[in-house]
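Only the coordinates and a few stated rules stand behind these numbers; no lab work does. What you see is a predicted model, and the numbers here were worked out from it, not measured in a lab. Here the Cβ positions follow ideal geometry from the backbone for every residue, glycine too, while neighbour counts run over all protein chains shown.
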2 protein chains.
Amino acid sequence: MSDALKKSLANVRIVLCEPHHAGNIGAAARAMKTMGLSRLALVTPRDFPSDEASRRASRATDILDAAIVCETLSDALSGAAFALACSARTRELAVPQTDARHAAARLIEIAHTQPVALVFGNETYGLTTGHVNLCQLLATIPANPDYASLNLAAAVQVFAYELRQAAMSGAPESKPRKLAGHDELEGFYAHLESALAETGYLNPEQPKKLMQRLRRLYARAELEREEVNILRGIIRTLRQPKKS
Amino acid sequence: MSDALKKSLANVRIVLCEPHHAGNIGAAARAMKTMGLSRLALVTPRDFPSDEASRRASRATDILDAAIVCETLSDALSGAAFALACSARTRELAVPQTDARHAAARLIEIAHTQPVALVFGNETYGLTTGHVNLCQLLATIPANPDYASLNLAAAVQVFAYELRQAAMSGAPESKPRKLAGHDELEGFYAHLESALAETGYLNPEQPKKLMQRLRRLYARAELEREEVNILRGIIRTLRQPKKS
């Protein structure tokens, strides 16, 4: 993990307003830690600390131990340069609105240098208008209009995931493969074609059509050098006389 | 929700292999429904149906009611044109690998016209190599390297979210290819393996390693049904006695 990535994510505070179920607090802490977030603030939680929260946090209890408990959302936002309200529903009269992905990108932009907050509401009634008005942006997770009710910890997971994605500057793909060169590929196709001609499998009327098909198939596979050797070994071995 | 979006998501099957906690099955069903997914398959669940699963599913119990229970992953994949293995860790010798976002885009491309599957492993030990080998692509959720342990239902939520995002933005593939189904692919691998065993080309000490290599190669090619027929024709013809 790069230092810049760590630093941006360390500037993000997750705020849960009036969470009802201790299990959700623990699951939210776990979701945060999987994405490299560590700062948790709880506004008047009904049941915290609790064994259920610790159990559901799995190995993320360090985040629960460091969590701060506040009397008001305003207290929880103290020092934050920007606050994002996360909501299942859009609102008539409120702050600007966007989706989770765009909101995460904006938040990380700011978090490179300044503390920011993501605010989640209660499991049953969400965020009040008063809560939302303390934030600078409202974001929703695009969901099934017939059932948009994400579990609280699941919503934290999606936002935390989007934050990490935004903070990662184009992570490199898995390690580069050693691809077969042009001559190796052509050697393979020639070998295959001659073996197929020998058995009469190639249609003498349209010898090119089958080979074109096979070329297309193996082109999609982007063959590695070693794989070409394996395939040629297979052609040779299959042409051997059957063992009795 | 547009018809095309609905249709793509209806073609997606979520497969949970050997889930241990009933609560996770319920939470996964809820995560699915929030993103418009509906098909759930369970491979030898420890505890299902159960009250705990229904409780955690909230108002997504219709998905639990319609879930199918299978004896093997192969059964659960029957009829799927493409299977994606979701894993917390990358692997040395396996199918091609990518991240959740790219995998979701690819899966939805295919799901416009054909059934696909997303496969999740057990809470403790994840997917076995045998499981992964039955899939065409392996995807990981980019996570904190010091703690990458997403809860099972949280991982389902992230993938379901990415699928919906991909389905909302992606146009259907210009000319969809008719991919070989799970059963056709397994028939091809079995045919190839027996031919190679017959000639002695397979190392009897490590019979699995070569087949794994070949599976990876052909998984990248995303074989069409007709291509599988051609390859099996080639195996048969190469085994014929040489013409004099």
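Quick notes
- This model, with +1 at the C-beta of Lys and Arg and -1 at the C-beta of Asp and Glu, gives segment B:182-238 a dipole about its Cα centre of some 280 debye.
- Beta bridges by DSSP in segment B:26-159, antiparallel share as percent, to the nearest 5: 5
- Which listed pairs, of B:Lys7/B:Lys178; A:Lys6/A:Lys33; A:Lys209/B:Lys209, have C-alpha distances above 21 Å, in listed order: A:Lys209/B:Lys209
- Only Cα pairs under 8 Å and 6+ residues apart enter the sum, and on that basis the relative contact order of chain B stands at 23 percent.
- Proportion of all alpha-carbon pairs of chain B beyond 31 Å (%): 26
- Cα shape, segment B:182-238, gyration tensor, a/c 1.5 rule: oblate
- Taking amide H positions as modeled 1.01 Å from N, with prolines and chain starts lacking one, the residues under 5 Å from B:Met35 and 5 or more places away or on another chain are A:Asn144.
- Debye log10 I(q)/I(0) at q = 0.12, 0.18, 0.19, 0.25 Å⁻¹ for segment B:143-238, Cα point scatterers: -0.65, -0.94, -0.97, -1.24
- Beta bridge orientation in chain A: antiparallel %, DSSP, nearest 5: 10
- Here B:Pro241 yields copy-to-copy label distances, from shortest upward, of 1.0 nm, the label point defined as 7 Å from Cα along Cα to C-beta.
- Between the listed residues B:Ser58, B:Ala155, A:Ala103, the Cα displaced farthest toward the positive end of the dipole of the protein assembly as shown, a dipole computed from Cβ unit charges relative to the Cα centre, is found at B:Ala155.
- Assigned charges on the beta-carbon of Lys, Arg, Asp, Glu; the protein assembly as shown dipole about Cα centre (debye): 1540
- Largest-first ellipsoid semi-axes for segment B:1-88, taking √(5λ) over the Cα gyration tensor eigenvalues, angstrom: 20, 18, 10
- Per-residue shielding of B:152-163, expressed as the average number of other chain Cβ atoms within 10 Å of the residue Cβ, stands at 5.
- The charge dipole of chain B, taken about its Cα centre with unit charges on the Cβ atoms of Lys, Arg (+1), Asp and Glu (-1) only, comes to about 660 debye.
- Averaged over B:99-111, number of beta-carbon atoms from partner chains that fall within 10 Å: 1
- Selected from A:Met32, A:Ala22, A:Leu42, residue furthest toward positive end of dipole (segment A:20-70; charges at beta carbon): A:Met32
- Surface/4 estimate of mean projected area, convex hull on alpha-carbon atoms of the protein assembly as shown, nm²: 25.6
- Counts of other chain beta carbons within 10 angstrom of each beta carbon in peptide A:35-43 average 2.
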